[in-house]
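Since every read-out is calculated from the coordinates, none of them should be taken as a lab result. Since we're looking at a predicted model, the values are computed, not measured. Cβ atoms come from the backbone with ideal geometry, glycine included; neighbour counts cover every protein chain shown.
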Amino acid sequence: MERLPGFRDFYPEPLPTRDLWSSDARRHLFETWRRVAGRYGFREYDGPPLEPLELFTTKSGSEIVGQLYNFKDKGDREVALRPEMTPTLARMAAAHERNYRKPIKWFAIPQLFRYERQQKGRLREHFQFNADIIGESSPEADAELIALLIDSLRALGLTAEDFRIRLSSREAWQHFYASAHADPTREYEFFQVVDKLERETPEHTDAKLRALGLSLERVQEVIAASRPTDHLQRILDNLAARGLTDFVALDYRVIRGLAYYTGTVFEAFDRKGEFRAIAGGGRYDNLIKLLSGGKSDMPALGFGMGDVVLTELLNKRGLLSETAVGPMVYCLIEEESWRPASLGLVQKLRDAGLACEFALTPMKSDKQFKRAQELGVRFTIRLEGAPDRVKLRDLKERRDETLEAGQAIEVIQRATR
Ligand code: HAM
């Protein structure tokens, strides 16, 4: 039985073949995301992977609606696997906003599903680090969120040489569109043309813009002028005060494909331009009001960072080579008659919080030692005749010590810290 196209199996390291996905690398990403989000005071939330279809057809825009995994459930409900987290978050925040102090700073690591054409950087399922700030409209919130995005990439070993946040404003484009006196009902169509600017030929883009009463030349003028709005300038100043200027650049080519964005928008790209967007996000100040039928009205902004492009980039830079976390200590059982006492020792080590491995069934001593080396343990431990005496070998420092079990545990714990 084969798995479905665009879906992944995750295997522990070492990987049998290079094209497989590593569960150790995935854990490394998730742990890093959680750690950095925690540093910024973001709290973790989650929602259901299956939602009413309507949640996504209301305001995400035609692009994502065309990629939905949707069906009728056995209760005749129209449902969809979540293609993104933002509508779920908007629903959750609207339902209980009174119980939380503003601004609400929340993050999640959902698995998302989009029926896309499978290609480099695009699969039919991916994990996405989502971080959002709700209830604060000032550019200081935008800067805080972008700083979190930058720091979560830096914590994975990437530098200003590797990536850049391209900062833009949908509001600026809204003003441009309004001032051109173009058809107001076709605004989203215009945003989508700008969104695809870098992927389409100039002739094709120009034809589409002319159909809207605009031209590529006029659009290129806005991009080339590259003047920050007041809101964007305050974000840039705030990031400069944090010493993060090298990681951002104003770039009006970014406008974002999703329909609900209202103000600041941004995307993270690798600087060599080899990969698709690592992350994308922006302000969506009307979505909560819309999805809650007017019951709640809060400004919000956030970003989503997918694991697929990020893993490709980190692999390319050699930043995922040591993500496997094996056991710390291997208990050698040299005499089968010592097995019951050895099991007691293994239990003691594990009770002390240490990751410990041993041979489940009889095995020659040299084979056990070889297995310990393969696992990359730092220590081997074995009983040393007298009750509670053990021989501890530090494979890194190449040192043997005969100790009491409790002392050996302390030595290992010190080395783990
Ligand atoms: P998005 O731009 O659709 O935004 O996705 C964010 C990131 O998820 C992309 O930059 C990409 O890295 C990854 N991604 C998206 N689709 C796929 C796919 N089919 N395969 C692999 N990776 C993918 C959103 O989803 C917004 N809801 C983000 C957001 C949160 N905005 C505000 N808050």
*Out of every Cα-Cα pair in the stretch 34-79, what percent are more than 18 Å apart?*
49 percent
*Can you give the Kirkwood hydrodynamic radius of the stretch 114-199 from its Cα pairs, in Å with one decimal?*
16.5 Å
*Can you run the Rg to Rh ratio on the stretch 156-307? Use alpha carbon positions and the Kirkwood inverse-distance Rh.*
0.98
*Send over the Kirkwood Rh of the stretch 52-100, from the inverse of the averaged 1/r over different Cα pairs, rounded to one decimal Å.*
11.8 Å
*Can you give the Kirkwood hydrodynamic radius of the stretch 287-360 from its Cα pairs, in Å with one decimal?*
17.8 Å
*What nm value, rounded to one decimal, do you get for the distance between GLU31 and LEU50 when each label is placed 7 Å out toward the C-beta?*
3.4 nm
*Cα point-scatterer Debye curve for the stretch 268-312, base-10 log of I(q)/I(0) at q = 0.14, 0.16 Å⁻¹*: -0.49, -0.56
*So for the stretch 22-175, what are the equivalent ellipsoid semi-axes in whole Å, largest first, each being the square root of 5 times an eigenvalue of the Cα gyration tensor?*
26, 21, 18
*Amide H to amide H under 5 Å from GLU125: which residues, 5+ apart in sequence or cross-chain, H placed 1.01 Å off N in plane?*
ARG114
*Taking θ as phi - 60°, what are the ³J(HN,Hα) couplings along the stretch 249-264 by the Karplus curve (6.51, -1.76, 1.60), each to the nearest whole Hz, with x for Gly and Pro?*
8, 5, 7, 6, 5, 7, 9, 6, x, 6, 6, 7, 5, 10, x, 3
_Additional length obtainable on full extension of the chain from ASP400 to ARG371, 0.36 nm per residue less Cα span_ = 8.6 nm
*Could you work out the relative contact order of the stretch 105-251, using alpha carbon pairs under 8 angstrom and six or more residues apart, expressed as a whole percent?*
27 percent
*Which of LEU81, LEU301, LEU332 moves most in a GNM of the chain, Cα contacts under 10 Å?*
LEU332
*Rounded to the nearest 500, what is the chain's calculated 222 nm mean residue ellipticity when only DSSP H runs of at least 4 contribute -39500 (n - 2.57) each, over all residues?*
-11000 deg cm²/dmol
*asked:* I'm a student and want to see the number: the projected area of the Cα convex hull of the stretch 329-416, averaged over all directions, in nm².
replied: 5.1 nm²
*asked:* Defining a contact as two alpha carbons under 8 Å apart and six or more residues distant in sequence, what relative contact order in percent does the chain show?
replied: 15 percent
_Degrees, to the nearest 10: 170-179 long Cα axis against longest axis of the chain_ = 10 degrees
*Starting with the fewest neighbours, write out SER23, SER342, SER152, SER337 ranked by other beta-carbon atoms found within 10 Å of each beta-carbon.*
SER337, SER23, SER342, SER152
_Give me, ordered by chain and number, the residues 5 or more places off TRP21 or on other chains with an amide H under 5 Å from its own placed amide H._
ASP9, TYR11
*Calculate, in nm to one decimal, what ARG389 and ALA240 gain on full extension: separation in residues at 0.36 nm each, minus their alpha carbon distance.*
47.8 nm
*asked:* Show me, for the stretch 181-196, the HN-Hα J-couplings you get by feeding each phi into the Karplus relation (A = 6.51, B = -1.76, C = 1.60, θ = phi - 60°), rounded to Hz, glycine and proline as x.
replied: 6, 7, 4, x, 6, 10, 4, 4, 4, 4, 4, 5, 5, 5, 4, 9
*Report, in debye and to the nearest 20, how large the dipole of the chain comes out about its Cα centre when Lys and Arg carry +1 and Asp and Glu carry -1 on their Cβ.*
460 debye
*Kirkwood hydrodynamic radius (C-alpha pairs) into Stokes-Einstein, the stretch 1-69, 4 °C and 1.567 mPa s, D in µm²/s*: 82 µm²/s
*Work out the FRET efficiency for ARG253 and MET1 from their Cβ-Cβ distance, taking R0 = 56 Å, and round it to the nearest 0.05.*
0.80
*With the cut-off at 24 Å, report for the stretch 258-399 the share of all Cα pairs above it, as a whole percent.*
58 percent
*At 0.36 nm per residue, minus the direct Cα-Cα distance, what do ARG317 and ALA352 gain on full extension? Give it in nm, one decimal, please.*
8.9 nm
*Highest-first arrangement of 233-241, 203-211, where packing means the average Cβ count within 10 Å*: 233-241, 203-211
*asked:* Just to be sure I follow: if Rg is taken over the C-alpha atoms of the chain and Rh is the Kirkwood radius over the same atoms, what is Rg/Rh?
replied: 1.09
*Using packing as a proxy for protection, rank 393-403, 28-38, 160-170 so that the peptide with the highest average count of other Cβ atoms within 10 Å comes first.*
160-170, 28-38, 393-403
*For helix 365-375, what angle does its Cα long axis make with the longest principal axis of the chain, in degrees from 0 to 90 and rounded to 10?*
20 degrees
